[in-house]
Structures are given as C-alpha cells and as structure tokens.
Amino acid sequence: MKLLRTIANLGYGSRRDVTAMIREGRVTDAHGEVLYTDDEPAHADVRIDGEPLDPPAGLLLMLHKPVGYTCSTKDRGRLVYDLLPPRFARRSPQLSTVGRLDRDTSGLLLLTDDGALLHRIISPKSKLPKVYEATLAQPLRGDEAAIFASGTLMLESEKTPLLPAELEALSPARARLTLHEGRYHQVRRMFAAVGNHVEALHRSHVGGLALGGLAEGAWRTLGPGEWEQLFQQ
Ligand code: URA
C-alpha cells in the first residue's frame with residue numbers, strides 16, 4: 001500500500017494532513033531518508049518525526065477497563081477509547097470492542113480491527129468461556145451453582161434458556177462465574193433471577209487469555225501466539 005494511504009488509515013490525519021507531513025520531510029525510513037507519498041516501504045521501516053508507526057491493521061489488544069467507562073464510540077461521558085491513543089479512534093479499518101462490558105463492570109476487554117477475528121470470538125458457536133468475579137449484595141443461598149449449571153434457566157424477555165454456566169463460591173458473598181455466551185447484562189440478570197444483586201463485577205478471562213498483572217486503565221497489543229491462546233481453553 002502507498003505510504004500516504006498507510007499513514008492516513010492509521011489515523012495520523014486526513015490525506016491532506018498526511019500529504020503535508022510528507023512534504024515537510026517528517027516521514028522517513030529507519031535511516032532518516034525522507035519518504036514520498038507513493039513509496040511502499042515495509043511498515044517497520046517507516047518513522048514519523050523519528051518514531052515508529054503504530055501497529056498495522058490486524059490489531060488485537062487487551063484493555064483493563066475501569067468502572068465508569070462505556071464501550072461505545074460516541075456515548076456521553078468517558079469512553080474506553082479515551083484510554084487509548086487518540087489516533088486509534090480514527091483508524092481504518094475501525095477498532096471495535098469485542099462485545100461489551102457494562103459501564104459499571106471492570107476487567108478484560110478485547111478490541112480488534114479484524115472483522116473475521118471479532119466474529120470468531122463473539123459467534124455463539126465459539127462458546128468461548130468468559131470468567132467473571134461478582135461481589136453480591138446478599139450471601140449465596142447454596143442452590144445457585146445447580147441452577148446456573150442446569151441449562152434451563154430462562155431470563156426475563158429471553159426466548160431460549162441460558163447455556164450451562166459454572167459458579168464457584170469464593171466467599172459467602174463473592175463468586176466466580178464462567179459463561180459460554182454473552183447476553184445483555186447476563187451476569188447481573190442471572191443473579192437477579194436467584195434473588196440477589198451484583199454490587200461489583202469484574203471480568204478476569206476471555207478464552208485462554210487472562211488479564212494478568214495489567215494495571216487498571218492500561219492496554220497492550222496481543223501477539224500472534226496470544227491470538228492462538230485465546231481459542232485454547
Ligand atoms: N454480564 C453483565 O451483567 N455485565 C457485563 O458487563 C458483562 C456480563
């Protein structure tokens with residue numbers, strides 16, 4: 001791909017802005033040689049003001065979403081995109097969240113610009129496990145694990161029962177819940193269905209990927225090995 005398009009697609013500016021950057025000699029190769037709009041250098045060889053380019057298309061990243069941020073590009077209030085470099089919101093292809101976490105949920109959120117990967121992750125066929133830790137208003141009753149595992153629990157306004165989910169009590173009012181699907185507000189609605197209320201919710205894993213020690217609000221790109229790990233359980 002020509003340099004002008006490569007740089008514009010990464011969100012550095014409009015084609016006009018990027019043309020100006022190139023004319024000003026701000027775009028060089030790794031040895032400082034000025035590049036031109038029609039050049040087609042290897043991505044890794046390009047520098048803008050001496051800095052390497054952002055990662056090319058085919059991006060998968062993990063964000064530790066804090067409470068209070070919305071998984072949307074244009075909601076009012078704080079957006080998960082505010083935690084990423086501003087250029088990332090202007091990339092083409094667009095960087096989308098892989099499913100959503102509620103504003104009041106924290107934890108592991110994936111974002112990608114790879115449509116095929118996104119569909120592979122969120123497809124009902126994939127049944128990728130997602131692990132949540134819920135802090136509850138009431139102590140567990142003791143029958144929740146059996147109800148959630150039954151495969152017969154129907155949530156209000158749903159037409160099909162939930163797939164079996166695994167619940168592990170962590171303390172009287174804290175539980176780890178593993179889901180294999182992603183319905184709207186699913187964890188909160190499941191606990192509401194058994195007479196409880198989720199006070200805090202955190203997602204620690206998606207497929208074979210764990211949040212690990214990633215600090216709240218921080219993000220990192222995932223390499224090819226981690227794309228594979230995502231689908232290994
Ligand atoms: N279930 C919920 O209720 N909320 C989330 O953010 C994710 C799963």
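No lab work stands behind these numbers, since they all come straight from the coordinates. Every value quoted in this text rests on a predicted model; they were computed, and no experiment measured them. For neighbour counting, all protein chains shown are included, and Cβ atoms are generated from backbone atoms with ideal geometry for every residue, glycine included.
Sorting 139-146, 88-95 by average packing, meaning the other beta carbons within 10 Å per residue, from highest down gives 88-95, 139-146. You can think of it this way: the chain between VAL67 and ILE147 has 26.0 nm of extra reach, that is 0.36 nm per residue less the Cα-Cα gap. Projected onto their three principal axes, the Cα atoms of the range 130-206 cover extents of 32, 26, 19 Å, largest first.
Taking each residue as 0.36 nm, the span from GLN229 to ALA57 lengthens on full extension beyond its C-alpha to C-alpha distance by 59.9 nm. Taking a straight Cα-Cα cut-off under 17 Å and skipping sequence neighbours fewer than 8 places away in the same chain, the aspartates and glutamates within cross-link reach of LYS127 are GLU166, GLU181, GLU228. Taking the three principal axes of the alpha carbon atoms in the range 63-181, the coordinate ranges are 49, 30, 25 Å, sorted in descending order.
In terms of distances greater than 28 angstrom between alpha carbons, the cross-link table entries LYS130/LYS159; LYS74/LYS125; LYS74/LYS130; LYS74/LYS159 yield LYS74/LYS125; LYS74/LYS159.
Report the FRET efficiency, 1/(1 + (r/R0)^6), for ASP29 and ARG87, where r is their Cβ-Cβ distance and R0 is 22 Å, rounded to 0.05. That gives a FRET efficiency of 0.60. Between SER14 and ARG120, full extension at 0.36 nm per residue minus the direct alpha carbon distance yields a gain of 35.0 nm.
Coordinate range of the alpha-carbon atoms in the chain per principal axis, descending: 69, 33, 32 Å.
Highest mean packing comes first when the peptides 217-223, 193-199 are listed by Cβ atoms within 10 Å, giving 193-199, 217-223. Just to be sure I understand the curve: with the Debye formula and one point per C-alpha of the range 3-52, what is log10 I(q)/I(0) at q = 0.14, 0.27 Å⁻¹? Relative scattering, expressed as log10 I(q)/I(0), comes to -0.26, -1.05. Under 13 Å of direct C-alpha separation, and excluding same-chain neighbours fewer than eight residues apart, LYS65 reaches these aspartates and glutamates: ASP82, ASP102, ASP104, GLU216.
Between LEU60 and LEU222, the built amide H atoms are under 5 Å apart, and every one of these is 5 or more places off in sequence or on another chain. Coupling constants for the range 162-174 follow from the phi torsions by the Karplus curve (6.51 cos²θ - 1.76 cosθ + 1.60, θ = phi - 60°), and in residue order they are 6, 5, x, 10, 9, 10, 10, 6, 9, 6, x, 10, 9 Hz; glycine and proline get x.
When both bridge partners sit in the chain, DSSP labels roughly 90% of those beta bridges antiparallel. Using the average count of surrounding beta-carbon atoms within 10 Å as a protection proxy, the listed peptides 19-25, 60-66 rank, highest first, as 60-66, 19-25.
Rounded, prolate or oblate, given the Cα gyration tensor of the range 12-110, with a/c below 1.5 counting as rounded? Since a/c reaches 1.5 and a/b is larger than b/c, the shape of the range 12-110 is classed as prolate.
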